[in-house]
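Shown next, in structure tokens, is the structure this report addresses.
Where a number appears in this text, it was derived from the coordinates with a stated rule and is not lab data. As the structure is a computational prediction, the values presented were derived from the model and not from experiment. Neighbour counts are summed over all protein chains in view; Cβ atoms, including those assigned to glycine, are modelled from backbone coordinates with ideal geometry.
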4 protein chains.
Amino acid sequence: MISKEKEYFEIINKIYLKVIKEENLGETANYIPELSKIDGEKFGVSLLFTDQLQFGFGDCEEKFSIQSISKVLLLALVYRDIGEKIWERVDVEPSGTSFNSLLQLETDKGIPRNPFINSGALVVCDILIDICDDPKAYFLDFIKKVSGNYSIQYSDKIAKSEFSTAYRNAALTNFIKSLGNIHNSPDDVLDLYVYICSIEMSCMELSKTFSFLANKGKNLFDDYQVLNISQTKRINAIMQTCGFYDESGEFAFRVGLPGKSGVGGGIVAIMPKYYIVSLWSPKLNLKGNSYRGMKFLEEFTTATEDSIF
Amino acid sequence: MISKEKEYFEIINKIYLKVIKEENLGETANYIPELSKIDGEKFGVSLLFTDQLQFGFGDCEEKFSIQSISKVLLLALVYRDIGEKIWERVDVEPSGTSFNSLLQLETDKGIPRNPFINSGALVVCDILIDICDDPKAYFLDFIKKVSGNYSIQYSDKIAKSEFSTAYRNAALTNFIKSLGNIHNSPDDVLDLYVYICSIEMSCMELSKTFSFLANKGKNLFDDYQVLNISQTKRINAIMQTCGFYDESGEFAFRVGLPGKSGVGGGIVAIMPKYYIVSLWSPKLNLKGNSYRGMKFLEEFTTATEDSIF
Amino acid sequence: MISKEKEYFEIINKIYLKVIKEENLGETANYIPELSKIDGEKFGVSLLFTDQLQFGFGDCEEKFSIQSISKVLLLALVYRDIGEKIWERVDVEPSGTSFNSLLQLETDKGIPRNPFINSGALVVCDILIDICDDPKAYFLDFIKKVSGNYSIQYSDKIAKSEFSTAYRNAALTNFIKSLGNIHNSPDDVLDLYVYICSIEMSCMELSKTFSFLANKGKNLFDDYQVLNISQTKRINAIMQTCGFYDESGEFAFRVGLPGKSGVGGGIVAIMPKYYIVSLWSPKLNLKGNSYRGMKFLEEFTTATEDSIF
Amino acid sequence: MISKEKEYFEIINKIYLKVIKEENLGETANYIPELSKIDGEKFGVSLLFTDQLQFGFGDCEEKFSIQSISKVLLLALVYRDIGEKIWERVDVEPSGTSFNSLLQLETDKGIPRNPFINSGALVVCDILIDICDDPKAYFLDFIKKVSGNYSIQYSDKIAKSEFSTAYRNAALTNFIKSLGNIHNSPDDVLDLYVYICSIEMSCMELSKTFSFLANKGKNLFDDYQVLNISQTKRINAIMQTCGFYDESGEFAFRVGLPGKSGVGGGIVAIMPKYYIVSLWSPKLNLKGNSYRGMKFLEEFTTATEDSIF
């Protein structure tokens, strides 16, 4: 462990202990019945350097539902397979507010603003159905390969729990179908979508899985080139502008790293070339991002003075 | 000139010669009468390294109307003067589409989405009026200091030309006033705004003026600390997420650098710690950004493999 | 036949012959596959006076798909059964443009603007499912009773044809479900909706079926009081303000009678106390209303000087 | 006084006494400083039959600011002068919600949805400026002629009070100007608009002024034909669909007569061929219509069973 890494260990340790003592505001996601049962006090952090050193704090070994974080992996897989053609079906612009997203679909003829809002991920799911025989197995194999971890699984329970109440996503899927940008049956697309969001990982696993985005597209632990350099940068750019719903600008502003959050309370952020940091704390702020996760990352990049900017 | 800089010189030279031979699409801004008269074939580029070496190509010495690029300098001045309080009056989120911006003002009680859309810059102008006696002189002094160039001036002709047809900005100003987030007279705010946008600089001057954003907040050519490190990163972050209207995501995706464009056809982009690149080519694409400027920068960061991501 | 009625016969005859000679613009509804096959040159008119005299012209005996006209009968049935409580679930305001309707649902917490836009009729279907055991049979019995015609039927073919492509209505149903204003399964609601819209009648039958709305709520041909006087006026009022999508104002302005159109090309209009006029011509204008139907009615009320205003 | 008229007298008297005893909810308009000072307990009613009999109750002789009610007279004047060409500049559709009105202007290229929303009246003011030399004098002469009352005046105080805070209307005017549907200077249009809204009348005068709309376009008290029959019906139709902001459907539904309200607390409603009823009570409900006025009219048409439907 080099001295810079020691310093990071101490910084994280200090911030972790500080944040865990402070008030833990927000609510666990309540629109997915299974998620609302999670203990809101869970708190895990993991930092993985591109030299393969990895730290973990708190509940960093406990699996949680990564939810929308999975959209980055979904995008990576389909981008890898079909290349730039993917952008004929989904754009790369921030969406403004969730409030606008339905309006924009109408104006934009069914092309979602970016692959990290629900409408965009649904369209990417639709593409995935078209390019392989068994999309659930194909996606899971990809995750296993990228994470180097063959124990990773979907959660049937979470997927079914979400599907049972996914009326808003069903509305989106049918609406995009009516506008011509979904080719398969809305139910099939929605089913794939909830499974992809149901992937479970721990912070330690999440950092490993996302390591290719800090490492010019190549897995840290084997020679596998997931994406080329240009594709890697582009996914990081989309995370920067669109990774935190309508708090994306705020995250760029306060934290200064590309990243992605999920309603399970997870966040992953990338310092290109240097490290991947993953967090989990289930209580969400009003914008749907982990309350403690946002706080931790702001203090972390303030202390380290890290930022891509 | 070190070898890396030589390499950049050759790359720019090659791309400059390539782009200037290709079709020059788009239109010069036609809603400001004076701007529509500019020769659409003008094309200048300037690269300034943080070691103070500077290159220039084509019409890099010719002054042009920097228009919205000025909003970054306006923000820098007011942010320097009043600090984080500025964010009570304007947010830091991308706006989605221009189409949404009026709607959002209503929903958001007059708080513009960010300081680089017109509504946001109008609010920052309103603050500037409140914090000094002669805002036009105060802003010009700031520009002169930051650029190290005491010849920089407003263009009365451009300002008056814009004021005479600024009905949409007058609508915005009055609308925000009705929502309580403009304190001075709408006419005064609008008058200051068109003057600030009328600043004229060459690409060479623009690179120098923006050098503090690549240099941790400090002017390259003297010891003046314009902003602190945190403020500097934050302005770069806002440029990244909001600097190119509803093409901001596309710019992050294709070019990968924070930057800002103006309807005069100028663009400035920052590679933090390394360089500032400025361009001018007056024909605009459908999103209002310089057609050749966007093309040049995409080819430039592809060739150099530069990106913050 | 009294002399005033003779005069009306001659007026209609003359306008019918005039309109049928003029260009027949527009398109038959193409989003429901079965409807797009209908002969666009069909043209029927029927006038029924409250003294029971009835005229018919052209294809007035041929059954067609009454589509959205059915929403008035659906509203009448549920209004009769649950009274003013219905307005807790659906409003009585015009919706502006179809473009706004999704936005408004979000702002208005799932309460559709009125019962004649699709979202409103879907909510009324949802209520109907809750208040009876077999809603399809119950609605059909109501239509048979009101029309005095026991041969009226749903069209399985049209209903299934519509269901197979009803993605937009599926989107609406799921969206309202997510907002809490649909209680049953979205598929059940949508299935009932497409059946209700698939009812087939001729112009002659349509006039008879709607006679209670010109007759203080009482069927013309038996003693059955469908609605009370106040309810009857209220349904006429809603037809006036909301009966023709975003051409409702235009219809009030040009024709001056309450009425309702359907994408099958049918229109029914009411002159309270005096008559019911029904038309059928399948080619639709850009707002989705029968091109010849609108033209005929404007000329008709111009010639007769009839208007409620 | 015929027996039917006696009956109406008694009905009004009874409802007047009932309503004045009940709670008087709502607020006087507070965005126009002068209007907020009015005594909220004022309450006047006047009924004028087309046989020229007129009743008055309460504060029926006291002048108040008729505000938006004036838009009907403005429309009548310009419609009279330029005929159907007026509809090239303004539409006749309900606007849905005020929330939509800015959005719709953008989509509809500056054509306001109807002449009774602010944007529509501003466009009609713009036309008025084009068709006469002194629009304020010309409009006032028209009002004097139509009302048969040469004492009617603008209120300088109200007009200036409104102008001083008319930021939202200034926003609208400039926005429409930017979209090309206002030809004169925004300030001139806005100045005319606030004067037209500042007209003061009592309920007694208001009923007389609007008598032509119940009398086939002809003044009750002289032979002057203000509008032809078709134009008269059309203005009534627009009042029915658009006269009460986003409570227009509710008014058609509950009251069943065409009418127009103003933020001064006035309402005028028309029973074509029979009577004109005017009310004044300054406290407004949440939609901006007189709280007691709405209540009175609903009880009145319930008691009389009057309705155009």
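Binning every alpha carbon pair distance of region A:154-289 at 10 Å from zero, what are the percents per bin?
11, 32, 36, 19, 1
Could you list which residues have their amide H under 5 Å from that of D:Val90, counting only those 5 or more apart in sequence or on another chain, with H placed in the peptide plane?
Counting only residues 5 or more places away or on other chains, the set is empty.
Under a cut-off of 21 Å between alpha-carbon atoms, report the lysines in cross-link reach of C:Lys6, not counting same-chain residues fewer than 8 places apart.
Correct list for C:Lys6: C:Lys14, C:Lys18, C:Lys208, C:Lys273.
Rounded to whole Å, give me the distance from the Cα center of region C:238-262 to that of region D:212-249.
18
Alpha carbons only, please: Rg and Dmax for region C:3-304, in angstrom.
17.9, 57
Please identify every one of the trypsin sites (Lys or Arg not before Pro) in region A:1-106 that sits in a loop by DSSP and has no more than 13 other beta carbons within 10 Å of its own beta carbon.
Working: sites: A:Lys4, A:Lys6, A:Lys14, A:Lys18, A:Lys21, A:Lys37, A:Lys42, A:Lys63, A:Lys71, A:Arg80, A:Lys85, A:Arg89; in loops: A:Lys37, A:Lys42, A:Lys63, A:Arg89.
Those that pass, being in a loop and sparsely packed, are A:Lys37.
Using the Cα centre as the reference, give the magnitude of the dipole from point charges on the C-beta atoms of chain A (Lys, Arg: +1; Asp, Glu: -1; all else neutral), rounded to the nearest 20 debye.
Charge dipole of chain A: 340 debye, to the nearest 20.
Quick one: dipole size for region B:39-136, taken about the Cα centre, charges +1 on Lys/Arg Cβ and -1 on Asp/Glu Cβ, in debye to the nearest 20. List each step's numbers first, then the result.
Details: 9 positive and 17 negative charges, 33 e Å.
For this selection, approximately 160 debye.
For region D:69-84, just list the computed ³J(HN,Hα) in residue order, Karplus coefficients 6.51, -1.76 and 1.60, θ = phi - 60°, integers in Hz, with x standing in for Gly and Pro.
Per-residue couplings from phi come out as 4, 4, 4, 5, 5, 4, 4, 4, 5, 6, 4, 4, 7, 10, x, 5 Hz.
Show me, for region C:166-175, the HN-Hα J-couplings you get by feeding each phi into the Karplus relation (A = 6.51, B = -1.76, C = 1.60, θ = phi - 60°), rounded to Hz, glycine and proline as x.
7, 5, 5, 5, 5, 4, 4, 4, 5, 5
Assigning unit charges at the beta carbon (Lys, Arg +1; Asp, Glu -1) and nothing else, what dipole magnitude in debye, to the nearest 20, does the protein assembly as shown show about its Cα centre?
Numbers: 132 positive and 164 negative charges, 1 e Å.
Dipole of the protein assembly as shown, to the nearest 20 debye: 0 debye.
State the cysteines of chain C left without a partner when partners are defined as other cysteines whose beta carbon lies under 4.7 Å away.
Among the cysteines of chain C, those whose Cβ sits 4.7 Å or more from every other are C:Cys125, C:Cys132, C:Cys197, C:Cys242.
For B:Asn149, place a label point 7 Å out from Cα along the Cα→Cβ vector, do the same in each other copy, and report the separations in nm, one decimal, smallest first.
5.3, 6.8, 8.1
Working from the pairwise distances between different alpha carbons, so that the mean of 1/r is found and then inverted, what is the protein assembly as shown's Kirkwood radius in Å? It would help to have the intermediate numbers written out before the result.
Numbers: mean 1/r = 0.0300 Å⁻¹.
Radius from the Kirkwood sum: 33.3 Å.
Please find, in a Gaussian network model of chain A (springs between Cα atoms separated by less than 10 Å), the residue of A:Ile12, A:Ile82, A:Ile111 whose mean-square fluctuation is greatest.
A:Ile82
For region A:90-95, just list the computed ³J(HN,Hα) in residue order, Karplus coefficients 6.51, -1.76 and 1.60, θ = phi - 60°, integers in Hz, with x standing in for Gly and Pro.
Here the 3J(HN,Hα) series is 8, 8, 10, 9, x, 9 Hz.
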